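Following: one structure in structure tokens, then a few remarks.
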Amino acid sequence: MRLSRTCSLLASALLWTCATPASASGGDMYQTSRFASEFQPANAALFAAGNLGVVPGSYWRLYHYLAYQAARARPLTKQQVAALNIDTWHVGPTSEWSQAGMDSPGPASWLAARAPLAAQVALPAAMEIDVSGVAARGDPYLNCHPDAFKQAGLTMAARAGLAAGGKPDAWFKLWLQGQDAVFANCAEPQHDWDKPVPKRVVKLPPPPPAGAPDWLRHDHAYQNAAAHFYARNFDQARSGFQQIAREPASPWHALAPYLAARTLIRKATLDFPLDERPAARERVEALAQAKKELDALAHTSAPARQMTTLVEARLDPAARLAALARALDKEPFGPDTARMLSDYLVLMDKLPRSITMTAKEPMTAWIASMQADTVLEEWASERSPLLEAQRVAALDTLRKSWLKQADPVWLAPLLTLARRNDLSAAERKAASAVPATHPLYQSLQYHLARLALAERDGERADQDIDRLLATQGKQMSVATSNRFLALKMLSAGTLDGFLKAAPRRIDPIEHGEPIDAAPGQASLTATDDDFDVAVWRHLSLAELNVLRKHPLLPPASKTQLEESMLARALIAGDEETALSLLDALAKPRKSTAHLYQRYRKAASGEQRKLAGALILVNTPELQPAVFDKDEKKRYWGCRQEWGDGPVVVRTGAPAPRFLSAQQTLAAAKEQEALLRLPLRTEFLAPTLLAWARTKPADEEAPKALHFLVASTRMECPYGTDVPEAKQLRARYSREAYEVAHKYYPASKWTKATKYFY
């Protein structure tokens with residue numbers, strides 16, 4: 001995904017430094033899934049026409065706008081979607097610049113036109129132009145826009161033609177030197193990235209000598225003001241443009257008042273940052289004066305009219321957002337729609353969700369409410385009080401809108417934000433009654449099933465999902481089908497049903513392959529992370545043993561399943577399960593196969609405990625596959641992410657319905673025990689050190705000590721509150737090193753153990 005943020009044409013002109021890509025006219029949490037795009041539908045034209053499927057809160061706001069219009073019976077045609085020129089989250093072409101303008105086409109086109117003329121007047125044909133700037137807090141902005149280079153190119157051609165015979169002469173050379181000086185101010189002064197930007201030293205055009213033609217004197221005045229403008233000497237630039245405005249003979253006379261107003265806008269934007277309160281008065285005064293001057297020009301100047309709307313957005317972004325929302329919601333699609341939508345999305349990025357969710361304009365409130373769920377995890381066991389308060393307030397606002405308008409469009413964000421037992425009987429009934437022809441039908445059905453699962457009514461959810469997949473499954477997008485299968489996996493009443501719902505097709509939007517994947521070997525289907533979560537959080541070892549023998553188990557899952565089962569069995573001392581897995585796991589492991597046979601031959605109890613420890617210390621890939629209360633995978637060897645304090649087993653995410661309460665309880669107890677485990681080395685060290693100190697005539701002893709020392713290096717530290725030298729793993733590392741060198745000095749494994757950690 002491209003992480004450069006693109007501003008609209010008008011926002012770019014105002015130097016509205018871009019928000020971080022995370023907001024990007026969309027949700028605030030960056031996530032991605034191969035099976036269901038988190039950001040955009042696979043086909044924008046179909047989506048805009050009303051084939052919405054399930055609309056997640058994480059979609060970029062542009063697609064929520066399209067969904068809203070379709071839901072209000074105003075779907076966009078293919079021609080209208082094409083007119084928006086959609087590029088990911090952007091409306092209009094990808095900005096002429098990215099990451100502070102490094103790929104702007106302006107300098108290249110200017111330099112290409114300049115080169116042959118420069119050569120004729122003995123100036124260097126090649127030069128470098130950097131158009132980037134750095135605003136407050138290091139935000140990038142485009143200092144010199146493509147239009148500036150375009151205008152310079154037109155002027156250059158005209159000035160070159162003024163010489164006798166239409167060939168560049170000494171006066172043209174002075175003009176070109178002046179223009180080169182102007183563009184030399186486009187770049188920031190050289191400085192280290194972590195140091196403040198030094199004060200700019202303006203590079204001014206050479207003054208015209210006595211006897212210079214009038215056109216050169218007028219152009220020099222314009223170039224001089226422009227140089228100050230790009231060097232951020234805004235007072236000098238404004239004074240220069242105002243002087244030009246007072247000279248009717250200057251070819252820049254008509255343009256100068258507009259540029260004088262632009263200097264105020266740049267000064268307000270760059271010298272008085274929005275979040276620095278002491279500068280707020282100066283900022284407002286500069287923008288207000290700019291608006292006054294632009295208003296006076298607006299009746300004859302289209303750029304002034306456009307710039308006025310941007311100044312209004314700076315002075316009162318909420319009011320401008322409201323005006324744009326009303327226009328986009330009420331007016332038919334027209335030539336200005338793309339520009340208005342682009343500015344609308346930029347403003348949505350700038351205003352907090354607490355304001356946009358309670359906006360009076362329906363479209364803004366709808367989009368913001370749909371997106372409110374992006375910061376609230378689906379099955380979260382703990383919630384931020386502030387976010388929860390915002391959710392409850394949004395639900396109240398949405399209920400009022402629905403009761404007032406009786407429009408199904410309001411049920412979509414209402415159900416999206418709803419949690420267990422939040423819906424009233426009337427709301428549930430109304431959502432269920434929305435016809436299958438409505439663009440939001442599948443979204444509403446999805447959330448009804450989701451809520452039924454959360455309310456432990458899995459049978460009803462399962463029936464509804466089956467009905468929907470049977471009637472509409474063939475027409476569903478890949479992403480929507482996968483979202484329903486994710487629910488189906490939890491609602492299925494049998495293990496067969498659970499496993500049939502586990503494989504998902506890969507969403508074409510998110511399709512990618514590992515870098516080292518063999519050509520043509522990428523699978524079209526696979527299991528998503530929710531399969532691992534369901535298996536490892538909710539299935540006990542006994543149920544896992546049934547699962548691994550099931551014919552519907554995805555083949556790609558079997559090896560990992562058996563490895564993690566063996567790790568769990570060895571940790572828990574479940575000899576029966578461990579013995580049943582030995583042959584399958586020993587077969588591909590030629591160098592350690594004898595350890596598996598050692599376990600089989602060992603006497604039950606302490607001997608098997610030691611044999612299991614030898615397998616684990618030699619095979620670090622054997623992980624017990626544990627997911628914490630936030631459903632994040634944790635690795636056995638990272639205390640910071642493993643859990644020292646009280647274990648809170650998540651209760652919000654429902655277990656797959658095919659499991660009985662007794663089976664779920666057994667899995668929860670195993671999960672709690674695994675979450676309380678010490679670090680891998682701290683678990684293995686006591687058994688291995690005690691055995692090694694008995695000085696057995698066994699090369700596995702120094703080998704185990706070597707791997708024990710090595711594994712401590714790879715483990716996560718406790719944290720800054722415990723010095724590393726005092727951590728238990730450090731003590732075990734030193735002990736293992738000392739025991740190896742004391743009792744097994746001749747072993748190759750001891751000689752390879754040169755350090756402890």
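A short reminder: the numbers here are calculations on the coordinates, not readings from a lab. Predicted model only: the values in this text are computed from it and were never measured. As a convention, Cβ positions derive from the backbone with ideal geometry for all residues, glycine included, and neighbour counts pool all protein chains shown.
Here are the numbers:
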read-out: Label-reachable residues, segment 338-357, where backbone N falls under 14 Å from a point 7 Å from Arg305's Cα toward its Cβ; value: 340
read-out: Segment 679-757: Cα Rg divided by the 2.2 N^0.38 Å rule of thumb; value: 1.05
read-out: Calculated from backbone phi, Karplus (6.51, -1.76, 1.60) coupling profile of segment 679-687 in Hz, x at Gly/Pro; value: 4, 3, 5, 5, 6, 7, 4, x, 5
read-out: Extension gain, Lys632 back to Gln607 (0.36 nm per residue minus Cα-Cα distance, nm); value: 5.5 nm
read-out: Efficiency of FRET from Cβ geometry, Thr525 and Thr592, R₀ 30 Å, rounded to 0.05; value: 0.35
read-out: Lysines whose Cα lies under 25 Å from that of Lys330, excluding same-chain neighbours fewer than 8 positions away; value: Lys78, Lys350, Lys360, Lys400, Lys404
read-out: Furthest towards positive pole of dipole, His550, Ala586, Gln560, structure part segment 544-677, Cβ charges; value: Ala586
read-out: Computed E for Leu552/Phe683 - FRET, C-beta separation, R0 45 angstrom, nearest 0.05; value: 0.85
read-out: Residues whose placed amide H lies under 5 Å from that of Val626, excluding near-sequence neighbours; value: Arg634
read-out: Packing-based order for 78-85, 429-436, using average beta carbon neighbours within 10 Å, highest first; value: 78-85, 429-436
read-out: Full-extension gain in nm, Ala746 to Ala436, via 0.36 nm per residue minus C-alpha separation; value: 103.9 nm
read-out: Long-range HN-HN contacts of Thr527 with modeled amide H, under 5 Å; value: Arg504
read-out: Extension gain from Cys716 to Asp214, taking 0.36 nm per residue of separation minus the Cα-Cα distance; value: 173.4 nm
read-out: Mean separation of Cα contacts under 8 Å, 6 or more apart, over the residue count of segment 544-677: relative contact order %; value: 18 percent
read-out: Percent RCO, i.e. relative contact order, over segment 526-585, from Cα pairs under 8 Å lying at least 6 residues apart; value: 28 percent
read-out: Table column - 3J(HN,Hα) (Hz), segment 551-556, Karplus curve with 6.51, -1.76, 1.60, x for Gly and Pro; value: x, 8, 4, x, x, 5
read-out: Relative contact order [Cα under 8 Å, 6+ residues apart], segment 98-244, whole percent; value: 19 percent
read-out: 11 Å beta-carbon shell around Ala44, net charge (K/R +1, D/E -1); value: 0
read-out: Within segment 544-677: Cβ-based charge dipole about Cα centre, in debye rounded to nearest 20 (Lys, Arg +1; Asp, Glu -1); value: 300 debye
read-out: Listed residue (Gln243, Ser132, Phe229) projecting farthest to the positive dipole end of segment 98-244, Cβ model; value: Gln243
read-out: Descending principal axes extents, segment 98-244, alpha-carbon based, whole Å; value: 52, 32, 22
read-out: Stokes-Einstein D in µm²/s, Kirkwood radius over Cα pairs - segment 544-677 at 25 °C with 0.890 mPa s viscosity; value: 152 µm²/s
read-out: Selected from Val709, Ala685, Trp749, residue furthest toward positive end of dipole (segment 679-757; charges at beta carbon); value: Trp749
